[in-house]
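Take a look at the structure set out below.
Coordinate-derived values only; no laboratory data. Computed from a predicted structure; not experimentally measured. All Cβ positions, glycine included, derive from the backbone under ideal geometry; neighbour counts span all protein chains shown.
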Amino acid sequence: MNNYRLLHFYWIVPAYLLFLVFQQGMVYKGSIDTYENGTTYLAEVTDFDIKQIAAQSNGYVDIRFEVDGELIERKLSLSVQMAQELMESSNIPIRYQPGAFQEIVLYPTFEIQKSTSLVNMSVAFLGLVVTVITGFFVNRYIRRKVTDENDEKFDIERVDE
């Protein structure tokens, strides 16, 4: 087997980026759907933490709320921008729609969540376009290398009588 054929695995990168575009699109659509069609509840904040590591800052919030006598507890990841909106809150208004792609939307951070998913989708789409274009050049390179190695080389000797 020719080692250049392994370069076909390059197409895993655009496939993953296509998955990210689709997933972030579903988050965006699901957030809007839950915001518009979900039921409003007041969730109690049971834990809140922001982690600041050299090049990365994020946080989480644990919330608890009651739906029809059932206590629901969730741990939600937050970006720094979202965490700043919720820092001083002991109760957070939320929209909840069970079974939706995005079940919980936090009222104070809805616009940030929506714009973040749009930005993520745009960046993944741009990366997808670049990797697909690059992939065509990679495929041309593979074809050229494989056909060059498969060509038989003949030694032609001239025999004079």
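Quick rundown of the values:
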{"read-out": "Amide N of segment 58-81 lying under 19 Å from the label point, which is placed 7 angstrom from the Cα of Glu44 along Cα→Cβ", "value": "61-76"}
{"read-out": "Phi to ³J(HN,Hα) by Karplus 6.51 cos²θ - 1.76 cosθ + 1.60 over segment 79-90, Hz, x for Gly, Pro", "value": "7, 4, 4, 5, 4, 5, 5, 10, 3, 8, 8, 9"}
{"read-out": "Rounded tilt (10° steps) of 110-150 against the dominant C-alpha axis of the chain", "value": "10 degrees"}
{"read-out": "Inter-probe distance in nm under a simple model that places probes 7 Å from Cα toward Cβ, at His8 and Val132", "value": "2.1 nm"}
{"read-out": "Viscosity 0.692 mPa s, 37 °C: Kirkwood-radius Stokes-Einstein D of the chain over Cα pairs, µm²/s", "value": "166 µm²/s"}
{"read-out": "Förster radius 41 Å - calculated FRET efficiency between Arg140 and Gln81, Cβ distance, rounded to 0.05", "value": "0.45"}
{"read-out": "Rounded if a/c under 1.5, otherwise prolate or oblate - segment 1-91, Cα gyration tensor axes", "value": "prolate"}
{"read-out": "The chain - percent relative contact order, Cα under 8 Å, separation 6 or more", "value": "30 percent"}
{"read-out": "Least to most buried among Thr147, Thr131 (fewest other Cβ within 10 Å first)", "value": "Thr147, Thr131"}
{"read-out": "Charged-residue dipole, Cβ positions (Lys, Arg, Asp, Glu), segment 3-140 about Cα centre, Debye nearest 20", "value": "1020 debye"}
{"read-out": "Count, lysine Cα pairs under 20 Å in segment 2-157, 8 or more residues apart or across chains", "value": "4"}
